[in-house]
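The values are calculated or read from the model by the stated rules, or taken from the named source; none is laboratory data. This is a predicted model, so every value here is computed, not measured. Note that we place each Cβ from the backbone using ideal geometry, even for glycine, and neighbour counts take in every protein chain shown.
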Amino acid sequence: MNRSLNGHVDSFYAAQSGGLPVYDRLIDDRKTQVCIIGGGLAGLSCASELAARGFDVVLLEGNRLGWAASGRNGGFVSDGFAQGMSDVVARTGIETAKKLFKASVEGVEIVRSNIQTARRDDLIQGHGGLKLIRTADDSGLRKQLGDYRSFFDTERSYVSKNNLNRYINSNAYHAALYNENAFHIDPIEYCELMAHSTTKTGAALFENSKAHSIRKRRIGWEVECDGAYVRADHVVIATSGYGGVFAPITGSMVPVSTYVVASKPQGSKFDNVIDFTGTMADTRRAGDYFRVVGKGDDRRLIWGGRITTRRSEPKKLAHMLAKDISDVFPQLRGLEIEYAWSGLMGYTRHKMPLIGQFWPKTYKNLWTCTGFGGHGLNTTAMGGRIIGEALSKTSNRTNLFQSYRPVWTGGPIGRVVAQLSYWNMQRLDSNAELSP
Ligand SMILES: Cc1cc2nc3c(=O)[nH]c(=O)nc-3n(C[C@H](O)[C@H](O)[C@H](O)COP(=O)(O)OP(=O)(O)OC[C@H]3O[C@@H](n4cnc5c(N)ncnc54)[C@H](O)[C@@H]3O)c2cc1C
């Protein structure tokens, strides 16, 4: 392995990493118990959990490990899913929803524990999280506060407008819920931590090794990868919004783009503007999320927002997000943006991940751990654990996800429909902010 930045997008994280280890390309045929396709955090978490349980694992990543959403995201680690818990309750009933929420909390703790076990506390860049509202009507927030307590056995504190001023100075926000268990991380370094610790437990990870097809054999599966073949008893699909190899799963995913920028280090600009070192996000359907990293004069703002089903990156991405920042914090007008990048999130129609074996009769031993949408740092860790338990037959927690099966998203037409619905959601958000 040599240190190199090759192949990663020019994000703040990749630039700061100072070069990431390069893993081999698959060139020879292999036989293994489990072949995982996709080397984001979902694939890496599955590899880590399976290798720790004694499975022989081969992971194929088409680009670099952590190259996609997993290495480009906002870095927020918090409980819950891309789908809101009230919708989960409506679909699964309260008892299953409680178990799902608990599993999502477990995902947060797995990430924390992986970092602590590796003695890499430096990857945690701040603690606590604020979920902010941009409307004066706080009834939704208060309902969530009650639900967290009574249904999900989790504490959140209500932060009134007056108290919010202690943390951030913006007229855009009216109140918040504070989550003391949330934290934020350097995502690309966390991917590398996962890759490094997983290879130590014996898994074989391959980069620049795109799986082109998978074929069911009399016993097990065959995965074709640029002329080399992996024969495996089990296959795990973890390809998310970046293509994929198995049509029923790829077709059940809408790839949705979102954007992130990192400012230049301009520490003093944040004094009396943002005095909070945790995560901040608003509750709009396509809201903003931001955090400050670094100390003193080296502080930078990392700001993410906007969603679209278009694949291309807008030319004036940095300019666009700088405007979003100054709309919320006019004091930060003129903040210089150093990095701007985008990433694709894999969304299912129900906005919940696909975890388990969905066609055990037709496609025996074909597993899925994908579709985490915009809330994947905790849930990929949780998904990996549940897949590890399922293959080692130590739990049947995949049953929790049986209400969330793959559903075809309608191909290109589905994408247009999704885009129209996002625009509609943005319009509803703006109307809600304008109403008294
Ligand atoms: C900009 C952005 C900000 C976000 N912010 C947050 C946040 O703050 N907190 C949070 O919890 N979540 C956040 N998310 C969501 C989170 O990053 C994702 O849910 C999570 O990383 C998904 O992990 P994954 O492994 O499923 O997918 P990915 O990380 O997308 O990985 C999928 C991998 O599969 C590979 N692949 C695809 N096809 C093949 C093939 N045929 N052969 C081999 N490899 C293949 C791809 O190259 C890719 O590396 C954000 C996402 C984005 C894009």
Residue satisfying condition, being within 16 Å of the ligand (Cβ to nearest atom), of a type in the set (D, E) and within 17 Å of the chain's Cα centre (by Cα), within set D24, D79: D79
All-but-one check, S312 against (1) within 16 Å of the ligand (Cβ to nearest atom); (2) touching a residue at least 12 places away in the same chain (Cβ under 8 Å), failing number (2)
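Conditions (1) closer than 30 Å to V57 by Cβ; (2) more than 16 Å from the chain's Cα centre (by Cα); (3) modelled with pLDDT under 95; (4) not in a strand (DSSP E or B), marked per residue:
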residue: G305; (1), (2), (3), (4): no, no, yes, no
residue: I355; (1), (2), (3), (4): yes, no, no, no
residue: H375; (1), (2), (3), (4): yes, no, no, yes
residue: N378; (1), (2), (3), (4): yes, no, no, yes
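Quick check: is even one residue across region 323-333 farther than 18 Å from S70 by Cβ, more than 12 Å from the ligand (Cβ to nearest atom), part of a loop (DSSP other than H, G, I, E, B) and at pLDDT 95 or above? Lay out the reasoning, then the answer.
So the first thing to find is which residues in region 323-333 are farther than 18 Å from S70 by Cβ, and the list is 323-333.
Okay, now just the ones that are also more than 12 Å from the ligand (Cβ to nearest atom), so 323-333.
From what's left, part of a loop (DSSP other than H, G, I, E, B): 329, 333.
Adding the requirement that they be at pLDDT 95 or above leaves 329, 333.
Yes, region 323-333 contains a residue that is farther than 18 Å from S70 by Cβ, more than 12 Å from the ligand (Cβ to nearest atom), part of a loop (DSSP other than H, G, I, E, B) and at pLDDT 95 or above.
Looking at this structure, is S86 under 15 Å from the mean Cα position of the chain (by Cα) and touching a residue at least 24 places away in the same chain (Cβ under 8 Å)?
On the way: under 15 Å from the mean Cα position of the chain (by Cα): no; touching a residue at least 24 places away in the same chain (Cβ under 8 Å): yes.
Taking the combined requirement at face value, the residue does not satisfy it.
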Within region 202-221, can one find any residue that is polar (S, T, N, Q), modelled with pLDDT under 95, under 22 Å from the mean Cα position of the chain (by Cα) and assigned by TED's automatic domain parsing to the domain that holds C369? no
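Are any residues in region 327-338 within 13 Å of W303 (Cβ to Cβ) and surrounded by fewer than 14 Cβ atoms within 10 Å (Cβ to Cβ), and if so, which ones?
Hits for region 327-338 are D327, E336.
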Looking at region 233-253, which of the residues that are in a strand (DSSP E or B) and surrounded by fewer than 24 Cβ atoms within 10 Å (Cβ to Cβ) is nearest to the ligand (Cβ to nearest atom)? H234
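Given the criterion closer than 20 Å to Y404 by Cβ, outside the structural domain of G202 (by TED's automatic domain parsing) and not β-branched (V, I, T), identify the matching residue among S150, S86, S139, S113.
Values: S150 fails: closer than 20 Å to Y404 by Cβ; S139 fails: closer than 20 Å to Y404 by Cβ; S113 fails: closer than 20 Å to Y404 by Cβ.
Just a single option satisfies the conditions, and that option is S86.
Name every residue in region 208-219 that is within 27 Å of K364 (Cα to Cα) and surrounded by fewer than 23 Cβ atoms within 10 Å (Cβ to Cβ), in order of residue number.
Just the residues of region 208-219 that are within 27 Å of K364 (Cα to Cα), to begin with: 209-219.
Those that are within 27 Å of K364 (Cα to Cα) and surrounded by fewer than 23 Cβ atoms within 10 Å (Cβ to Cβ): K210, H212, S213, I214, R215, K216, R217, R218, I219.
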Where a residue in region 196-220 is farther than 30 Å from T117 by Cα and its partner, wherever it lies, is small (G, A, S) and surrounded by 17 or more Cβ atoms within 10 Å (Cβ to Cβ), with Cβ under 7 Å and at least six apart: K210/G62; G220/A232
Residues of region 274-305 classified as within 13 Å of the ligand (Cβ to nearest atom), β-branched (V, I, T) and closer than 18 Å to V328 by Cα, total: 2
Is region 32-50 home to any residue that is surrounded by fewer than 24 Cβ atoms within 10 Å (Cβ to Cβ) and more than 12 Å from the ligand (Cβ to nearest atom)? yes
What about N179, is it in a strand (DSSP E or B) and either crowded, with 21+ Cβ neighbours inside 10 Å or not acidic (D, E) (or both)? yes
Which members of region 357-373 meet the condition of being under 27 Å from I188 (Cα atoms) and either within 12 Å of the ligand (Cβ to nearest atom) or part of a loop (DSSP other than H, G, I, E, B) (or both)? T368, C369, T370, G371, F372, G373
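Select, from S197, S209, S170, the only residue that is over 23 Å from G373 (Cα atoms) and part of a helix (DSSP H, G or I). Talk me through it step by step, then tell me what you get.
Numbers: S209 fails: part of a helix (DSSP H, G or I); S170 fails: part of a helix (DSSP H, G or I).
The conditions single out S197.
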